[in-house]
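Notes to accompany the following structure.
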Amino acid sequence: MITVIRIGHRPFRDKRITTHVALVSRAFGADRILVDEKDETLESTVNRVTENFGGNFSIKTGINWKKEFKDFNGVKVNLSMYGINVDDRIGAIRESVKGKDVIILVGAEKVPIDAYNIADYNIAIANQPHSEVSALAIFLDRFYEGKELEKKYEGKMNVIPMDNGKMVKFIPDEQQCMKLLYGEKADERIIEHVTTVYKLAMAIGKYAGANMELIRAGALLHDIGRTKTNGIGHAVAGADILREKNIDEAIVRIVEKHTGAGILPDEAKKLGLPDRNYIQETLEEKIVAQADNLVSGKKIVTLSDTVNSYHLKGLDEPAERIKKLHMELSSICGKDLDIIGKEVIMEMN
Ligand SMILES: C[S@@+](CC[C@H](N)C(=O)[O-])C[C@H]1O[C@@H](n2cnc3c(N)ncnc32)[C@H](O)[C@@H]1O
């Protein structure tokens, strides 16, 4: 675990630069930042970035820096223009870390001599005055040997690298989902249906320990394509609408694959669907599809109701797959989905 400790922060003067120290810490692989002065605005700015862009980075302000630095159980580094050049010490630092935690101190104004005395390493990024932001970025980059740039974050907002322009894919919250549905002119029938699927999927998702943000958006948006067609192609139509609107691909795929318990490649071909994957793979894809299988109109039904209606249409094999999916999810939840359905009906009444 890597902690950055920022001392000498003056909430009015250093607001922007301390925010940058925190953002560099997060983006370049540190796990948390401690800031000496209490600053709630700084905390909420940094927490908002983490909430939107992902990861487990944390911030605490209003700490006693000397105590935190002195009592830290691990390797202590002070970044200072007066220290030893990073390239002459980084090997020794890595050697002494070996599984231990690290704390890296950066200042704002003049750094008290105590920091130099407490540190195990006083490290310079060139013996010239510059900035805590650049010093920290270069130190972390040297420490991780560039690997920190490969770290993947799963946030509500995910940047898609582009040669030109900007693209950010996002996971819409409940309000944004409703806005998307109404924006596509979804009628009351669609809204009532997706609302019931959403309630059931959320209940199943909780038992299954699924990603609830994906379940929420996937369930609310699964039938957005019905604003274009009510045929078998509505899932594809929905996925296309959402891709166009830069919705996170994990949600687009929930929508694209929500038909029955999946459509096999040769079935999809016969149905005239584009050559894509319609087999649910992730837990969230499976939950939204099965919640939809267990909702007829705005009513929650049982597995046997659904299976019987598939048999009546001559869809025997898809009916078997729905049964299998039901068993799989019931076992993950530790409870039969029909019972979860009954619980949701009770809550709705
Ligand atoms: C504006 S400087 C303060 C410099 C001040 N003269 C001092 O007492 O160190 C703020 C912080 O930037 C970092 N810093 C600036 N230049 C650096 C360098 N060449 N190498 C390492 N860190 C540096 C240090 O962490 C320093 O505490």
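Overview of values
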item: Segment 63-88, subset farther than 14 Å from Val4 by Cα and aliphatic (A, V, I, L, M), residue farthest from the ligand (Cβ to nearest atom); result: Ile84
item: Segment 21-36 residues that are at positive phi, paired with ones that are open to solvent by less than 20 Å² (accessible area, probe 1.4 Å) (beta carbon under 9 Å, 6 or more apart); result: Gly29/Ile2; Gly29/Leu140; Gly29/Glu148
item: When residues of segment 324-345 are limited to those that are among the basic types (Lys, Arg) and open to solvent by 70 Å² or more (accessible area, probe 1.4 Å), the one farthest from Thr195 (Cα to Cα); result: Lys324
item: Residue match in segment 89-100 (condition: within 8 Å of the ligand (Cβ to nearest atom) and under 21 Å from Gly29 (Cα atoms)); result: no
item: Failed criterion for Ile113 (all others in (1) open to solvent by 60 Å² or more (accessible area, probe 1.4 Å); (2) within 12 Å of the ligand (Cβ to nearest atom); (3) closer than 17 Å to Met1 by Cβ hold); result: (3)
item: Sole residue being touching a helix residue (DSSP H, G or I) at 6+ places or on another chain (Cβ under 9 Å), within 16 Å of the ligand (Cβ to nearest atom) and not in a helix (DSSP H, G or I), chosen from Ile138, Ile123; result: Ile123
item: Residue pairs meeting the criteria (Cβ under 6 Å; at least 6 apart or on separate chains; first touching a residue at least 60 places away in the same chain (Cβ under 8 Å) and under 25 Å from Ile254 (Cα atoms), in segment 163-177; second in a helix (DSSP H, G or I) and not polar (S, T, N, Q)); result: Ile171/Glu213; Ile171/Ala217; Pro172/Ala217
item: First in segment 200-213 and within 14 Å of Asp338 (Cα to Cα), second anywhere and assigned to a loop (DSSP other than H, G, I, E, B), Cβ under 7 Å, 6 or more apart; result: Leu200/Leu294; Tyr207/Gly334; Tyr207/Lys335
item: Asp173 being under 29 Å from the mean Cα position of the chain (by Cα), more than 16 Å from the ligand (Cβ to nearest atom) and either acidic (Asp, Glu) or closer than 18 Å to Val21 by Cβ (or both); result: yes
item: Single unsatisfied condition, Gly155 versus (1) away from the ligand (no atom under 12 Å from the Cβ); (2) open to solvent by 90 Å² or more (accessible area, probe 1.4 Å); (3) in a loop (DSSP other than H, G, I, E, B); result: (2)
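The values are calculated or read from the model by the stated rules, or taken from the named source; none is laboratory data. These numbers were taken from a predicted model, which means no experiment stands behind them. Because the Cβ atoms are built from the backbone with ideal geometry, glycine has one as well, and the counts that use them run over all protein chains shown. Quick note on the areas: whole protein, heavy atoms, side chains included, nothing else; ligands and nucleic acids left out. Shrake-Rupley method; radii C 1.70, N 1.55, O 1.52, S 1.80 Å.
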